[in-house]
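Visitor: Here it is, the structure, as structure tokens.
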Amino acid sequence: KTQVNAGTDQAGPQATYVYRTPGIYTITLTASIMNSAGAVTSAKITTLVTVTAFTGATRHFDPADGHDSNDGLTQHTAKRSWAEFSAWITGGDDRRALLRRGTTMSATSGLSIERSRIRIEPYGVGAAPIIEAGPGFPGSTSLILVWGKHHLDDQIYSGLRLHGRGRANTVVKVYSEDDPGAENVGLIDCTFENNLPNGKSLIIVA
């Protein structure tokens, strides 16, 4: 249950909730308004939402102990490098990359994702996995660029620590050329960091 105090200048959603388990959920929205005399009028709307499990293909990545000759299908056969990670997650729709907790993935290039139904999430135990701009990272590039040239939707980035290290000019940039462009891009339980002198922004939506 979430309460929101809305003003006349409010624009866009002000309350969100993430369902982490598949199922059918009942959502009830109650809106109340108080007039100048102090009288309160309320209205209630109820709807059902069906949450389904991700059904796309999944690969595991372990920058510490993985190996690129592995198939990545399980945590015991995880792949290792940024090249494999970026090639997988940008190579098609309906893909998930699981990154081992307690590890750091060093990016040698920006991650430009022009796909739909994409997931990047942690697995295992320990601290949130880090994706950071590594040495030699091109300074005018975003660490993660979500680019909807025509249309893409349903991208979720969850439980990650994203660090530009002052090498990336932006940590995350969501950019679209057409309307509606990039829709339903979720950054859940993520932290964003960058350093000077080259790091300009954490998140840009354009």
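The values are calculated or read from the model by the stated rules, or taken from the named source; none is laboratory data. Values in this document were obtained by computation on a predicted structure and should not be read as measured data. Ligands, DNA and RNA are stripped out before the accessible areas are found, and what is left, the full protein with its side chains, is counted by its heavy atoms. Shrake-Rupley method; radii C 1.70, N 1.55, O 1.52, S 1.80 Å.
Visitor: Using heavy-atom solvent-accessible surface (probe 1.4 Å) with all chains present, what is the largest-first order of K149, K173, K44, K79?
Guide: K44, K149, K173, K79
Visitor: P(r) for the chain, please, calculated from all Cα pair distances in 5 Å bins and given in %.
Guide: Result, from short to long distances: 1, 7, 12, 16, 17, 15, 11, 7, 5, 4, 2, 1, 0, 0, 0 percent.
Visitor: Restricting attention to the alpha-carbon atoms of the stretch 63-118, what are Rg (one decimal) and Dmax (integer), both in Å?
Guide: Expressed in Å, the Cα Rg and Dmax of the stretch 63-118 come to 11.1, 29.
Visitor: Given just the C-alpha atoms of the stretch 66-159, how large is their convex hull per residue in cubic angstrom?
Guide: Working: hull volume 8.9 nm³, N = 94.
It is 94 Å³ per residue.
Visitor: Take the solvent-accessible surface of the protein heavy atoms, probe 1.4 Å, and return the percent of it on the stretch 40-109 that carbon and sulfur atoms account for.
Guide: After summing per-atom areas, the C and S share lands at 49 percent.
Visitor: Restricting to lysine pairs 8 or more places apart or on different chains, what number in the chain have Cα atoms under 25 Å apart? Working shown, then result.
Guide: Numbers: K1/K44; K149/K173; K149/K200; K173/K200.
Pairs that pass both the separation and distance tests number 4.
Visitor: To continue, here is another question. Mind checking the per residue accessible area of the chain for me, 1.4 Å probe, whole number of Å²?
Guide: So the chain comes to 58 Å² accessible per residue, rounded to a whole number.
Visitor: What percent does the relative contact order of the chain come to when contacts are Cα pairs within less than 8 Å and at least six residues apart?
Guide: It rounds to 13 percent for the chain.
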